[in-house]
């Protein structure tokens with residue numbers, strides 16, 4: 001996503017920040033999150049919107065990258081929503097994507 005902007009783009013952070021998981025836990029927490037979301041999707045434990053919001057929240061809470069975590073989380077949640085056949089969320093914007 002930011003490969004043209006930052007040479008470290010796409011690499012997990014290697015230091016602690018004031019937000020997020022301990023940097024040493026990122027490599028364990030991200031796959032655990034993906035497995036949990038896959039379970040939620042497979043077993044339909046909530047609506048597509050709720051699963052996407054949970055995914056976004058937990059990904060931002062882990063805060064895996066030095067910068068761009070919010071933008072990355074919104075983008076990847078939008079990808080999840082679209083793959084599940086639902087319209088994208090507005091993420092607090094003034095517009096209503098795809099008729100919402």
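Checked against the criterion of being in contact (Cβ under 8 Å) with a residue 12 or more places away in the chain and in a helix (DSSP H, G or I), the stretch 81-97 has at least one qualifying residue. Could you list, in sequence order, the residues of the stretch 19-55 that are closer than 18 Å to residue 82 by Cα and touching a residue at least 24 places away in the same chain (Cβ under 8 Å)? 37, 41, 48, 49, 51, 52, 53, 55 - these are the residues of the stretch 19-55 that are closer than 18 Å to residue 82 by Cα and touching a residue at least 24 places away in the same chain (Cβ under 8 Å).
Residues in the stretch 38-69 that are in a helix (DSSP H, G or I) and exposed (fewer than 14 other Cβ atoms within 10 Å of the Cβ): how many? Quick ask: steps written out before the conclusion?
Step one: of the stretch 38-69, the residues in a helix (DSSP H, G or I) are 38-43, 48-62, 69.
Still in the running and exposed (fewer than 14 other Cβ atoms within 10 Å of the Cβ): 38-39, 42-43, 50, 57.
Of the residues in that region, 6 qualify.
With respect to the conditions (1) surrounded by 12 or more Cβ atoms within 10 Å (Cβ to Cβ); (2) part of a helix (DSSP H, G or I), residue 35 lacks only one, and its number is (1).
Bear in mind these aren't lab numbers, they're just calculated from the coordinates by the rules spelled out. Everything numeric in this text was worked out from a predicted model, so none of it was measured. Methodologically, a virtual Cβ is constructed for each residue, glycine included, from the backbone with ideal geometry; neighbour enumeration extends over all protein chains shown.
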